Number of protein chains: 2
Amino acid sequence: MHELFAENQAFRANGRLWIEGPADRFLGIGRLELLERIQATGSISKAAKEMGMSYKKAWDLVSSMNAQARQPLVGAHAGGAHGGGATLTEAGAAAVAEFQAMQARFAQFLADETTRLYQ
Amino acid sequence: MHELFAENQAFRANGRLWIEGPADRFLGIGRLELLERIQATGSISKAAKEMGMSYKKAWDLVSSMNAQARQPLVGAHAGGAHGGGATLTEAGAAAVAEFQAMQARFAQFLADETTRLYQ
DNA sequence: GAGCGTTATGTTTCGGCGAATATAACGCTG
DNA sequence: CAGCGTTATATTCGCCGAAACATAACGCTC
């Protein structure tokens, strides 16, 4: 394949990976990062702000994930001590861990394919 | 992970794969199909029509690929016997073959990951 | 009970990308 | 030399998905 490319060896394999259900996307790289930041901040709105995403969009994503999973991945409540908050459920933490592992295997796949481009 | 999903086992790993250069995407599943159809029909406009794509978009894609490759992947000429036409160059045929192989490995990766979701 | 920051949800606005349209040139055929 | 189907390229139009905006409710604190 390297024979095909213009001089500099800056070509590489890249891609996107996700898990999808019958109706909708379930988990992808963006949703993963959102879950990670909800875990870190204890808040959907803080997580959204960190990612430069509107609260509404973040909430829609959380809603989609919770609707598709057998158990909700995120637990949230309005009002109270600091206005409310959100936390990852046990199921949410498990989903994060498993999709991180899947992402890691995908990164290795992409690295292998990039290597193969030049061998 | 299966513990997480709602009843029916309709969840699966899915994704997109492509080769990118320093400035732009070089080859993806859409560009691959376009090249295959150019090879089959001998025409950019026929290939575009088969894919429900405007000629302009198809031509832009061909132009992008030709610009990034050391040798053009598609040779085209206007006028003549049947108005003109386009064919895959030797480099184009090689690119198609190699990216098809990469796609096949990716399909296997996705199948493995989908299996893993339920094991 | 007023204030705060959050969750929760609907409505409106906007920008970018693809689609559609337009035009020219090419070179064989009849 | 008129006609055809194609390549080649610029410009305009339209739509849809994302972003922005708006509003309500919640429950703790002071």
Query raised in the report: Looking only at the range A:24-71, which residues are farther than 13 Å from A:Gly85 by Cβ, among the hydroxyl-bearing types (Ser, Thr, Tyr) and in a helix (DSSP H, G or I)?
Result: A:Tyr55, A:Ser63, A:Ser64
Report summary line: Among (1) away from every other protein chain (no Cβ under 14 Å); (2) assigned to a strand (DSSP E or B), A:Trp18 falls short only on (1)
**Report entry** From the options A:Ala94, A:Ala107, residue that is closer than 30 Å to B:Arg70 by Cβ, away from DNA strand C (no atom under 16 Å from the Cβ), free of Cβ contacts under 8 Å to residues at least 12 places away in the same chain and assigned to a helix (DSSP H, G or I)
**Finding:** A:Ala107
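Conditions tested, residue by residue: (1) modelled with pLDDT of 95 or more; (2) in contact with a Cys (Cβ under 9 Å, 6 or more places away or on another chain); (3) of a type outside the set (Val, Ile, Thr).
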{"position": "B:Asn8", "(1), (2), (3)": "no, no, yes"}
{"position": "B:Ala13", "(1), (2), (3)": "yes, no, yes"}
{"position": "B:Leu17", "(1), (2), (3)": "yes, no, yes"}
{"position": "B:Pro22", "(1), (2), (3)": "no, no, yes"}
{"position": "B:Leu32", "(1), (2), (3)": "yes, no, yes"}
{"position": "B:Ile38", "(1), (2), (3)": "yes, no, no"}
{"position": "B:Ser54", "(1), (2), (3)": "no, no, yes"}
{"position": "B:Val62", "(1), (2), (3)": "yes, no, no"}
{"position": "B:His77", "(1), (2), (3)": "no, no, yes"}
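This table checks each residue for (1) open to solvent by 70 Å² or more (accessible area, probe 1.4 Å); (2) away from chain A (no Cβ under 13 Å); (3) within 15 Å of DNA strand C (Cβ to nearest atom).
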residue	(1), (2), (3)
B:Pro22	yes, no, no
B:Arg25	yes, no, yes
B:Gly30	no, yes, yes
B:Lys46	yes, yes, no
B:Trp59	yes, yes, yes
B:Asn66	no, no, no
B:Ala69	no, no, no
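The values are calculated or read from the model by the stated rules, or taken from the named source; none is laboratory data. Note that the structure is a prediction, hence the values are computed from the model and not measured. Virtual Cβ from ideal backbone geometry, glycine too; neighbours counted across all protein chains shown. All accessible areas refer to the heavy atoms of the entire protein, side chains included, with ligands and DNA or RNA removed. Shrake-Rupley method; radii C 1.70, N 1.55, O 1.52, S 1.80 Å.
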